[in-house]
């Protein structure tokens, strides 16, 4: 599955063929074709694998971040640090996840797992935003998660060396605006 995701990350869904996956992992074409009879089954399995994997990783991250949730600046530092490392080490996998989000827009087979991904993020952000003094933590969590998703996508598309510093500053500014007394 990870080989298929690397192919998706490098060349989009069109890059996935039984032959390309077999070459990527050094297996016979017959072995890949036997396990996944059609290209659509192979792509579907890989996208589901990516989303399930990311939900589990986000749930683990959310648990780790709960320790810092009462100190919002520490929470942002940990979050941005995690993403900076992730994007350096596994950019192709994250690109494949965005492909999965687009697939969910076209095909409802992927929508429930994408919704679970979003809900995992939102719950984590709600906890931290509540601690930061938000009067509307659910709404503010949706705004915050949308900003993070956009920043990560932008970093994948047009990498910046100062991503960590800039993302931290932007998220701190966003939270400051969301939690300001009116």
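The values are calculated or read from the model by the stated rules, or taken from the named source; none is laboratory data. None of these values were measured; they are calculated from a predicted model. Cβ atoms come from the backbone with ideal geometry, glycine included; neighbour counts cover every protein chain shown.
Some notes on this structure:
- Test set (1) surrounded by fewer than 19 Cβ atoms within 10 Å (Cβ to Cβ); (2) touching a helix residue (DSSP H, G or I) at 6+ places or on another chain (Cβ under 6 Å); (3) in contact (Cβ under 8 Å) with a residue 40 or more places away in the chain - residue 4 fails condition number: (1)
- Answer from 87, 129 - the residue that is crowded, with 17+ Cβ neighbours inside 10 Å and over 16 Å from residue 152 (Cβ atoms): 129
- The condition of being assigned to a helix (DSSP H, G or I), out of contact with any strand residue (DSSP E or B) (no Cβ under 9 Å at 6 or more places or on another chain) and free of Cβ contacts under 8 Å to residues at least 40 places away in the same chain holds for only one of 45, 50, 20, that being 20.
- Output for the range 152-182, where each listed residue is touching a residue at least 24 places away in the same chain (Cβ under 8 Å) and either out of contact with any helix residue (DSSP H, G or I) (no Cβ under 8 Å at 6 or more places or on another chain) or in a loop (DSSP other than H, G, I, E, B) (or both): 159
- Qualifying residue in the range 172-181 (condition: within 18 Å of the chain's Cα centre (by Cα) and either at pLDDT 95 or above or surrounded by fewer than 19 Cβ atoms within 10 Å (Cβ to Cβ) (or both)): no
- Test: residue 84 is assigned to a helix (DSSP H, G or I) and either under 14 Å from the mean Cα position of the chain (by Cα) or at pLDDT below 85 (or both): yes
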